[in-house]
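Remarks on the structure that follows.
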Amino acid sequence: MIDLNQSVKYIKGVGPNKETLLNKLGIYTLQDLITYYPRDYEDRSKPVTIIDAQEGQEVLIRATVVSKMNTIPTRRKNMTMYRLIVRDETDNAVLTWYNQKYLKDMLKLGETYNFYGKIERKNGTAQMSSPVFEIEGKNKYTGKIVPIYPSTYGLTQNKIREIMENALKLVGNDLEETIPDYLIEQYQLLERKEAIRSIHFPKEFKEFETAKKRFVFEELLSMQLALLSLKNQYTVEENGIVFDKNVKMSEVINVLPFKLTKAQLRVLEEIDHDMENQKPMNRLLQGDVGSGKTVVAMVAAYKAVKCGYQMAIMAPTSILATQHLEGFEEILSQFGIKCELLISSISKKKKEDILERLAKGEIDVLVGTHAILEENVVFKNLGLVVTDEQHRFGVRQRNIISQKGENPDVLVMTATPIPRTLALILYGDLDISIIDELPPNRKKIDTFAVTKAMEERVNNFIKKQIEEGRQAYIVCPLVEESEEINAKAVLEIAEKYKNEVFSEYRVEYLYGKMRPKEKDAIMEEFKNGKIDILISTTVIEVGVNVPNASIMVVESAERFGLAQLHQLRGRVGRGEYKSYCILKYQGNSDVIRQRMKVMQDTNDGFIISEKDLEIRGSGEFFGTRQHGLPELKIANLFEDMPVLKMVQSLCMKILQDDPKLERKEHEKLKKMVKEKFGTRLEL
């Protein structure tokens with residue numbers, strides 16, 4: 001069998017330079033390459049006559065060169081246009097290219113060529129700008145269906161196709177099947193070796209459809225088998241803690257300085273019921289940014305502690321953990337509940353003291369980051385575990401912290417709204433609660449999507465807000481400038497804003513690679529009003545509360561997912577002031593305009609997440625990697641929901657009959673799942 005793990009550099013056509021570019025696309029091995037699926041196809045297979053070619057359509061015409069190529073100077077310096085006339089049996093067409101002098105020798109008078117490009121009509125004459133061409137009958141770039149791949153600067157489509165063809169020749173018929181024969185037969189799937197050719201170079205679109213069906217099935221099958229195996233691995237059969245019915249949540253609800261929403265009360269009722277039940281609670285709490293999930297966790301903590309147990313809450317960042325501690329202490333200290341903070345930056349002496357008191361049961365609520373997962377963190381009597389921002393912690397981490405107690409109740413919270421049907425599939429082991437209303441004091445954030453032309457107005461608006469005593473966030477997508485994306489780097493933009501645009505204000509910047517202590521110090525200063533404008537990457541996405549920040553500007557907003565833009569927007573509007581989110585975008589495609597419109601039209605995270613899935617598919621939606629899932633390469637969790645549901649029930653049946661995939665007919669499945677999920681599975 002061919003070694004699919006061999007480096008991509010051994011494939012014909014890949015030199016050191018191309019290897020670096022392929023690596024940028026996440027292609028390191030032969031396996032990565034052949035599963036790098038096209039994002040689209042161009043039908044260059046059926047020629048149309050010039051007279052029938054519709055304006056705005058991309059078409060293939062077969063025509064003969066009937067004029068010499070003319071050189072036409074343009075107004076732009078360093079740009080020359082080359083023009084020639086071609087003809088078929090129905091009409092003439094004018095073809096133009098720019099700065100491609102070498103074409104003069106390639107396109108010969110009287111020769112017939114295939115030309116593929118977009119038709120424009122000027123004064124009734126058909127025109128094509130920079131068409132792809134080749135001599136009739138050659139059929140390398142035309143005369144067939146051509147795949148279009150996601151690419152990077154310096155790597156042309158023709159080069160990717162050439163490398164892909166060489167890779168498929170290398171693989172030949174020597175491609176191992178990953179799906180058992182009985183499933184291929186039952187679901188009428190194409191065999192893998194046939195499907196891999198048809199997905200890259202289909203002879204007709206029907207071939208591509210059947211190949212796609214096979215790979216969507218395979219991808220969802222491996223994902224669901226792995227998820228269900230993980231869940232089965234960590235399913236607790238024993239009984240959980242039964243918390244005392246006489247300890248009422250209302251005791252703490254009644255002293256809160258604000259009224260809870262109906263949704264919060266409904267969710268607390270569900271949690272209360274779980275806590276008083278013998279089965280350990282395993283609940284996912286979804287709530288939009290600012291919907292008040294933390295308060296729900298506090299009320300649950302009160303019940304756990306008053307029943308004689310300890311509670312742990314784990315947050316993804318030190319600053320968020322610190323914020324949680326402040327909130328918990330403010331409410332729970334009046335009941336004599338002792339809260340402590342465990343993060344990596346505390347001193348060794350302080351940490352030892354906390355660990356000692358925790359083991360003795362002198363600390364009731366431990367708030368912390370990943371530091372809580374360390375082996376030396378021992379609880380006396382852990383009864384409730386809460387993880388905030390579930391997508392930052394995988395199933396395994398949830399399990400590690402749960403094992404620090406005797407089947408404690410588990411509540412996982414997320415502000416990343418996931419459509420309910422999808423949540424049920426991704427988190428099949430969890431009951432789901434949703435806080436679907438915002439507290440009455442939360443103000444609607446006015447959102448505007450603007451182009452570069454509005455930059456000066458935006459800057460003046462920021463200045464006006466700061467003059468009124470407010471603060472601003474400016475969010476950028478990158479730290480290092482990268483050649484293929486014209487996005488401004490944080491450092492570059494910070495320099496410009498600090499020294500030129502906002503030189504009279506206090507401007508600071510923040511990005512992912514900074515040391516945690518540095519980040520925390522800057523966030524603390526921003527929180528305390530010592531910084532007017534904070535320029536940042538998405539590290540500010542999760543949770544920090546700065547009530548005085550009333551404006552957020554997102555640079556290159558088209559590069560973010562909608563769910564992520566919504567998360568970012570939730571950083572403002574947390575105080576009494578009217579708040580604004582300004583999305584600066586580049587590009588004019590329908591998809592970009594559609595996405596910007598969604599952000600302007602709604603503040604509902606669930607509607608936004610549905611739209612995000614619909615518009616972009618699931619590949620980047622919530623960055624599936626963050627959820628501990630492998631990146632989906634071909635399946636779309638919105639379009640392929642029926643397949644996902646079918647595959648889920650199939651996987652349940654397979655694992656019910658063969659929990660560790662030990663039967664001979666499941667050898668292939670076991671191998672595929674292990675390869676995709678590595679050591680995370682104990683199959």
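Could you identify the single residue in Pro659, Pro630 that is farther than 27 Å from Asp32 by Cα and modelled with pLDDT under 90?
When all the criteria are applied, what remains is Pro659.
Restricting to region 633-648, and then to whatever is assigned to a helix (DSSP H, G or I) and at pLDDT below 90, can you tell me which residue is surrounded by the most Cβ atoms within 10 Å (Cβ to Cβ)?
The qualifying residue surrounded by the most Cβ atoms within 10 Å (Cβ to Cβ) is Leu644.
Output the residues belonging to region 1-50 that are part of a helix (DSSP H, G or I) and either hydrophobic (A, V, I, L, M, F, W, C) or not assigned by TED's automatic domain parsing to the domain that holds Leu170 (or both).
Across region 1-50, the qualifying residues are Val8, Leu21, Leu22, Leu30, Leu33, Ile34, Ile50.
Which condition breaks for Lys584 when tested against (1) in contact with a Lys or Arg (Cβ under 8 Å, 6 or more places away or on another chain); (2) modelled with pLDDT under 85; (3) in the same structural domain as Glu558 (by TED's automatic domain parsing)?
(2)
Does Val305 count as touching an Asp or Glu at 6+ places or on another chain (Cβ under 9 Å), assigned to a helix (DSSP H, G or I) and surrounded by 22 or more Cβ atoms within 10 Å (Cβ to Cβ)?
Yes; evaluated as a whole, the condition is true for this residue.
Looking at region 57-76, can you tell me whether even one residue there is in a loop (DSSP other than H, G, I, E, B) and hydrophobic (A, V, I, L, M, F, W, C)?
Scanning region 57-76 turns up at least one residue that is in a loop (DSSP other than H, G, I, E, B) and hydrophobic (A, V, I, L, M, F, W, C).
Yes/no per residue for (1) crowded, with 16+ Cβ neighbours inside 10 Å; (2) in the same structural domain as Lys404 (by TED's automatic domain parsing); (3) out of contact with any Cys (no Cβ under 9 Å at 6 or more places or on another chain):
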residue: Ile148; (1), (2), (3): no, no, yes
residue: Ser151; (1), (2), (3): yes, no, yes
residue: Leu170; (1), (2), (3): yes, no, yes
residue: His200; (1), (2), (3): yes, no, yes
residue: Glu204; (1), (2), (3): no, no, yes
residue: Thr210; (1), (2), (3): yes, no, yes
residue: Glu218; (1), (2), (3): yes, no, yes
residue: Leu221; (1), (2), (3): yes, no, no
residue: Gln224; (1), (2), (3): yes, no, no
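In region 136-168, what residues are of a type in the set (D, E, K, R), under 21 Å from Phe115 (Cβ atoms) and touching a His at 6+ places or on another chain (Cβ under 9 Å)?
Arg161
Any residue in region 291-313 that is closer than 19 Å to His370 by Cα and polar (S, T, N, Q)?
Looking through region 291-313, at least one residue is closer than 19 Å to His370 by Cα and polar (S, T, N, Q).
From Glu162, Glu185, Glu207, grab the single residue that is closer than 29 Å to Lys24 by Cα and not in a strand (DSSP E or B).
One residue alone meets the criteria, Glu162.
Please pick out the residue among Met128, Met164 that is under 21 Å from Ile634 (Cβ atoms) and modelled with pLDDT of 90 or more.
Met164
When region 531-556 is examined, which residues are found to be at pLDDT below 90, surrounded by 23 or more Cβ atoms within 10 Å (Cβ to Cβ) and aliphatic (A, V, I, L, M)?
Once the filter is applied, which keeps residues that are at pLDDT below 90, surrounded by 23 or more Cβ atoms within 10 Å (Cβ to Cβ) and aliphatic (A, V, I, L, M), region 531-556 yields Ile535, Ile540.
Could you give every pair whose Cβ atoms fall below 6 Å, whose first residue belongs to region 10-36 and is closer than 13 Å to Arg161 by Cβ, and whose second residue is in a loop (DSSP other than H, G, I, E, B) and of a type outside the set (Ser, Thr, Tyr), counting only separations of at least 6 or pairs across chains?
Leu33/Ile27; Tyr36/Ile27
Residues Val295, Val289: which one is β-branched (Val, Ile, Thr) and either farther than 20 Å from Phe328 by Cβ or outside any helix (DSSP H, G or I) (or both)?
Only one candidate passes the filter, namely Val289.
Find the residue count for region 53-85, including only residues that are surrounded by 13 or more Cβ atoms within 10 Å (Cβ to Cβ) and either acidic (Asp, Glu) or without any contact (Cβ under 8 Å) to a residue 24 or more places away in the chain (or both).
Within region 53-85, residues that are surrounded by 13 or more Cβ atoms within 10 Å (Cβ to Cβ) and either acidic (Asp, Glu) or without any contact (Cβ under 8 Å) to a residue 24 or more places away in the chain (or both) number 7.
Conditions first: (1) farther than 23 Å from Met514 by Cβ; (2) over 35 Å from the mean Cα position of the chain (by Cα). Val299 passes all but one, so which condition is the exception?
So Val299 meets the others, but not (2).
Can you name the number of the only condition in (1) of a type outside the set (Asp, Glu); (2) more than 16 Å from Ala126 (Cβ to Cβ); (3) in contact with a Pro (Cβ under 7 Å, 6 or more places away or on another chain) that Thr71 fails?
Condition (3) is where Thr71 drops out.
I need a count of the residues in region 422-445 that are surrounded by fewer than 14 Cβ atoms within 10 Å (Cβ to Cβ) and either at pLDDT 95 or above or polar (S, T, N, Q) (or both).
So the answer is 1.
Could you pull out the residue among Gln594, Gln586, Gln600 that is over 20 Å from Thr416 (Cβ atoms) and in a loop (DSSP other than H, G, I, E, B)?
On inspection, the qualifying residue turns out to be Gln586.
One residue is enough: does region 567-576 have a residue meeting the conditions in a helix (DSSP H, G or I), assigned by TED's automatic domain parsing to the domain that holds Val546 and of a type in the set (A, V, I, L, M)?
There is at least one residue in region 567-576 that is in a helix (DSSP H, G or I), assigned by TED's automatic domain parsing to the domain that holds Val546 and of a type in the set (A, V, I, L, M).
Output the residue which, of all residues in region 599-611 that are among the hydrophobic types (A, V, I, L, M, F, W, C) and surrounded by 21 or more Cβ atoms within 10 Å (Cβ to Cβ), is modelled with the highest pLDDT.
Per the criteria, the residue is Met599.
Among the residues of region 359-372, which ones are surrounded by 22 or more Cβ atoms within 10 Å (Cβ to Cβ) and part of a helix (DSSP H, G or I)?
The answer is Ile372, and nothing else.
The values are calculated or read from the model by the stated rules, or taken from the named source; none is laboratory data. These numbers were taken from a predicted model, which means no experiment stands behind them. Don't worry about glycine lacking a Cβ; one is built from the backbone with ideal geometry, like all the others, and counts go over all protein chains shown.
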